[in-house]
Amino acid sequence: MKKTNKVISLVLALVMALSILVVIPTASAASTVRINEVNANVGYSIVYNIYLQTDEKANAMEGRLNYDNTVLDLTSLSFDTANSFDSNTNVKGDMTQINFKGNKSLYDCKSTRMTVLTAVFKVTNTSDKYTSATTADAVSGCFTKLTGETGTDLMKHTNTNITTRTIIGATSIKMAKTSVLLDNGKGDSEVVKVKSVGPVNNDTDSSYSATYVSSNPKVVKVSGRGTYVRITAVGPGKAEVRCTTDGNLATAKIQVTVKQPVKSVKFSQKSVSLAKKGAKANLKATVNPTNASVKKLVVKSENTKVAKVNKSSVNSGATFTVTAVKKGKTYVRATATDGSKKFARIAVTVKK
C-alpha cells in the first residue's frame, strides 16, 4: 500500500511539473509580431509609407497596398496632400488589398521625394507567419503603373527610385520649449529639440520621426526633421510651428512671435528754445515703424544742469516736458528699449 501511495505521489508530482512547464510559457508568451522589419507588440501602431522619386514628373500613377488582416487593422490611409487619389478595397480571406489611382495631371516626384501613401495600422494579433525566423511581410505596397509627362514608362526607368518604410508609430511629442521669441533680423533663428516618444516606457528613438510646418511662412520658415526643428524669422507677427509624427499619431505646437524692431526714432520738432530758467516746453518722440513690437522710449537730458525732463520713459508718441535750469545748450535723447539701440536727439537752448 505504501509503495502504491509512493507511485501515486510521484505521478502527481510529475503531472504538476509538466503543468508548470506548459503553463509558464503560455503565461509569459511574447505578444510580439514582426511586421516587416520591425518587432511590435499587440496594441502598437505601425506606420507604412511608399515613396517615389524619379527624374521626370508623372502624369499617371497607380498602385496597391496589401496587408494581413489577421494581425493588422487599418486605422487610417492618406495620400500625398498636394495630389488627388481614388482608392478601393478588396478582401480575400486573411489578406486585404487596397488599389489606388492618382487623379492629377502631373505629380511632382522629380524635385523631391514624394510620399505617395501613408498607412497606419494597429497590431491586433500575433502569428507564427511573422516572426524573426520568417521572411514574410505582413504589409506590402507597390506601383502597377507610372507614366512620365513625356510618356516614359517610369516603372522601367533606371532613375526611378521606389522605396517603402515600416516604423513603429510614436505616441506623443516632447519639446524643449513650447514658445519662441525671435527678432525680425535676417537669419535670426532658433533650434528647438523635439523628441517623438514611442509606446514602450516613454522611449525615444530616431525611428519616431516628426515633420514640421509653419502656419504662416511670411512670419517664420522651418527646416529639420526628426529630433530638431530650426525656426527662422521671415517677418514680424505670430505663427505656430506644427510638429507631427508620421501617420499623424501625435501632434504638438510651438508658438512663435517675431518681433518688429525699431528702425528709427524721431522727434516732432528739430530744436527747442527756452527763454529763461523755469521755462517749459512739450516734446514728443515716436518710433518707426508704427508696428514695432516694443514702443517704449527712455528719455533723458544729456546735461541736467542746463535742462531736465519730467519723465524717464514714455511710450512712442506720448508727450513729456523739458524745463530750463540755467543758461546754456544741451540735448534731450530718446532711445528705443527693444535692443535695437536706435535713438534721436533734440537740441535744447536756454537763453538766460
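The values are calculated or read from the model by the stated rules, or taken from the named source; none is laboratory data. Note that this is a predicted model, so its numbers are computed, not measured. Methodologically, a virtual Cβ is constructed for each residue, glycine included, from the backbone with ideal geometry; neighbour enumeration extends over all protein chains shown.
Yes/no per residue for (1) surrounded by 15 or more Cβ atoms within 10 Å (Cβ to Cβ); (2) under 13 Å from residue 347 (Cα atoms); (3) of a type in the set (Ser, Thr, Tyr):
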| residue | (1), (2), (3) |
| --- | --- |
| 236 | yes, no, no |
| 239 | yes, no, no |
| 245 | yes, no, yes |
| 319 | no, no, yes |
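Would it be correct to say that residue 59 is assigned to a loop (DSSP other than H, G, I, E, B) and buried (at least 16 other Cβ atoms within 10 Å of the Cβ)?
No: the conditions fail for residue 59.
Can you name every residue in region 319-335 that is closer than 26 Å to residue 261 by Cβ and either modelled with pLDDT under 95 or touching an Asp or Glu at 6+ places or on another chain (Cβ under 8 Å) (or both)?
331, 332, 333, listed by residue number.
Assess whether residue 126 counts as being of a type in the set (Ser, Thr, Tyr), outside any loop (DSSP other than H, G, I, E, B) and at pLDDT 90 or above.
So residue 126 does not fit the description; no.
Please go through (1) outside any strand (DSSP E or B); (2) buried (at least 17 other Cβ atoms within 10 Å of the Cβ) for residue 77 and return the number of the only condition it doesn't satisfy.
(1)
Just checking, does region 215-225 include any residue being among the hydroxyl-bearing types (Ser, Thr, Tyr) and in the same structural domain as residue 312 (by TED's automatic domain parsing)?
No, the conditions are met nowhere in region 215-225.
Given the options 342, 308, 327, 351, name the one that is charged (D, E, K, R) and either out of contact with any strand residue (DSSP E or B) (no Cβ under 9 Å at 6 or more places or on another chain) or buried (at least 18 other Cβ atoms within 10 Å of the Cβ) (or both).
Residue meeting the stated conditions: 342.
Considering region 335-352 alone, what residues qualify as being charged (D, E, K, R) and closer than 24 Å to residue 281 by Cα?
Within region 335-352, 342, 345, 351, 352 qualify.
Hey, among the residues in region 141-163 that are in a strand (DSSP E or B) and surrounded by fewer than 17 Cβ atoms within 10 Å (Cβ to Cβ), which one's farthest from the chain's Cα centre (by Cα)?
153
Could you identify the single residue in 194, 241, 180 that is at pLDDT below 90, in a strand (DSSP E or B) and outside the structural domain of residue 331 (by TED's automatic domain parsing)?
Unique residue meeting the criteria: 194.
Let me confirm something: among 111, 105, 87, 45, which residue is among the small types (Gly, Ala, Ser) and within 15 Å of residue 141 (Cα to Cα)?
87
Can you name every residue in region 257-296 that is surrounded by 16 or more Cβ atoms within 10 Å (Cβ to Cβ), over 17 Å from residue 310 (Cα atoms) and at pLDDT 95 or above?
Hits for region 257-296 are 265, 286, 287.
Could you list all residues from region 97-151 that are closer than 26 Å to residue 40 by Cβ, in contact (Cβ under 8 Å) with a residue 12 or more places away in the chain and among the charged types (D, E, K, R)?
113, 122, 129, 137
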